[in-house]
1. Tell me whether the stretch 98-108 contains one or more residues that are among the small types (Gly, Ala, Ser), assigned by TED's automatic domain parsing to the domain that holds residue 180 and over 24 Å from residue 142 (Cα atoms).
2. Can you confirm whether the stretch 185-201 contains a residue that is assigned to a helix (DSSP H, G or I), over 17 Å from residue 83 (Cβ atoms) and modelled with pLDDT of 95 or more?
3. Quick check, is residue 178 under 19 Å from the mean Cα position of the chain (by Cα), touching a residue at least 40 places away in the same chain (Cβ under 8 Å) and surrounded by 21 or more Cβ atoms within 10 Å (Cβ to Cβ)?
4. I'm checking my understanding of the structure. Among residues of the stretch 54-67 that are surrounded by 11 or more Cβ atoms within 10 Å (Cβ to Cβ) and among the polar types (S, T, N, Q), which one is farthest from residue 15 (Cα to Cα)?
5. With (1) modelled with pLDDT of 80 or more; (2) surrounded by 13 or more Cβ atoms within 10 Å (Cβ to Cβ) as the list, and residue 51 as the residue in question, which single condition is left unmet?
6. Look at residue 124 and say whether it is without any contact (Cβ under 8 Å) to a residue 24 or more places away in the chain, small (Gly, Ala, Ser) and under 19 Å from residue 176 (Cβ atoms).
7. So, in the stretch 131-146, exactly how many residues are modelled with pLDDT of 90 or more and part of a loop (DSSP other than H, G, I, E, B)?
8. Output the residues belonging to the stretch 147-184 that are assigned to a loop (DSSP other than H, G, I, E, B) and of a type in the set (Val, Ile, Thr).
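The values are calculated or read from the model by the stated rules, or taken from the named source; none is laboratory data. Predicted model only: the values in this text are computed from it and were never measured. Glycine also receives a Cβ, built like all others from the backbone with ideal geometry; neighbour counts cover every protein chain displayed.
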Amino acid sequence: MEQTGNEEKPYETVLRENQVLRRRLRELEDAPRKGRDAEQRENLVKLLEIKNRQLEQSFAELERGNRQLADAHKRTERYYVSTILSLVQVSEARDPFFAQHSRSVASCARGIGRTLGWDTERLGLLETAGHLHDFGNLGVPPELLHKSGPLEPSERALVRTHPTIARQILEPIGPLALILDWIAQHHERPDGKGYPKGIQG
């Protein structure tokens with residue numbers, strides 16, 4: 001049966017009962033010793049032993065659950081890493097020039113993050129964003145990306161959609177949510193003259 005947020009977990013119930021029994025046992029030990037009290041103490045000790053075993057079992061189950069969660073987290077991380085590698089390989093296979101560019105940006109971004117004192121997790125995110133920042137170029141005709149002459153206004157407008165395309169492609173991949181804005185805004189400028197949204201600040 002599904003538990004609500006206010007319901008006690010099994011180990012919490014056993015722990016609370018254990019505390020009540022211990023308190024009662026102390027009360028009996030502090031009271032004048034009588035035959036009936038001795039019997040009650042003996043019964044309480046036996047009951048405490050049972051509750052202690054239940055508590056040990058509950059904690060063992062909790063530990064198993066924690067291990068299962070940790071294993072699931074590791075599997076998710078492995079899936080995340082393999083997904084990123086696949087995306088990078090797709091991008092590199094399509095355009096070797098942009099593959100080298102993305103690797104350079106990723107390395108540079110990680111170096112800047114390290115200089116700023118970012119922790120390992122954030123450095124990893126920053127490096128991933130560097131690898132994927134131009135991923136939206138997959139949605140732009142290759143002839144525009146390598147055109148030797150100046151782009152026509154309509155062509156330039158199409159090229160400038162690549163950050164938005166990247167967001168649309170990558171958004172369904174849950175773990176990338178933390179870096180979507182970095183990828184989608186890498187051509188924005190503090191003066192508001194960047195693209196695609198002209199964000200200022």
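1. yes
2. No, the conditions are met nowhere in the stretch 185-201.
3. No.
4. Out of the qualifying residues, it is 57.
5. Single failed check for residue 51: (1).
6. Yes.
7. Selection size over the stretch 131-146: 4.
8. Matches in the stretch 147-184: 161, 173.
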